[in-house]
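Asks: Sharing a structure with you now.
Computed from the coordinates by the stated procedures, all read-outs in this text should not be read as laboratory data. This structure is a prediction, so every number in the text was calculated from the model and none was measured. When we count neighbours, we look across all protein chains shown, and the Cβ atoms used for this are built from the backbone with ideal geometry, even at glycine.
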Amino acid sequence: MNSASAVVGVIAALTLVAPVGMLTPISVPSTPGSVQQHARWRWPLDPRPGVLRRFERPATAYGPGHRGLDLGGTQGQRVSAVADGIVSHAGVIDGRGTVSVTHANGLRSTYEPIDAIVKAGDAVKAGDLLGHLTSGGHCGPAACLHLGALRGRSYLDPLILLAPGRVILLPLHD
């Protein structure tokens, strides 16, 4: 099998085994040894939560969609930073506590609803406490954490960063 066939095989394998929405492409510039090549996020809730609602990319910038993941949790549960970074926002938007952390690789993680214990400008490490989960988000009376991921103004699927899919190579027949 030549290298072109191998590439087609990988693409075909990803197409066959990847659930819809699991492999949302993201553009991550990389240089040898850069953080971008190795960055993976930690789950912000412990124990690892169930995903109540998955990312749905909007067709347009202001179109309908779901710009993050809803993770099942409990009122008062600890919410931790997914990666090292600087808190770029901690406050209340539309009656809900929100936190944003900007990471060295250019990504930004967002968390809501949260009763924040951090403030803008604070440096955090992966796993550091950002605050506690509150109810009243878009999950209704149940407590769930909405986790978002952005690069610039583009929303990304946080699940890719939390639990990257497994690549399975399938043989090609010429």
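Asks: Quickly rank 104-112, 150-158, 61-69 as a protection proxy: mean count of other C-beta atoms within 10 Å, highest first.
Replies: My ranking of the peptides, most packed first, is 104-112, 150-158, 61-69.
Asks: Still on this structure: Run the simple label-point estimate for SER88 and ARG57 please: 7 Å along Cα→C-beta, distance reported in nm.
Replies: That separation, rounded to one decimal, is 2.1 nm.
Asks: Still on this structure, please answer the following. Run the numbers on the stretch 41-152 and let me know its relative contact order in percent, using alpha-carbon pairs under 8 Å that are six or more apart.
Replies: For the stretch 41-152, the relative contact order is 29 percent.
Asks: Next question. Given the peptides 114-126, 133-145, arrange them by the average over their residues of other C-beta atoms within 10 Å, most packed first.
Replies: 133-145, 114-126
Asks: Using C-alpha positions alone, give me the convex hull volume of the stretch 47-174 per residue in cubic angstrom.
Replies: 146 Å³
Asks: Starting from the 7 Å offset along Cα-to-Cβ, what nm value, one decimal, do you get for the label separation of ARG96 and HIS138?
Replies: Taking the two extended label points, one gets 0.7 nm.
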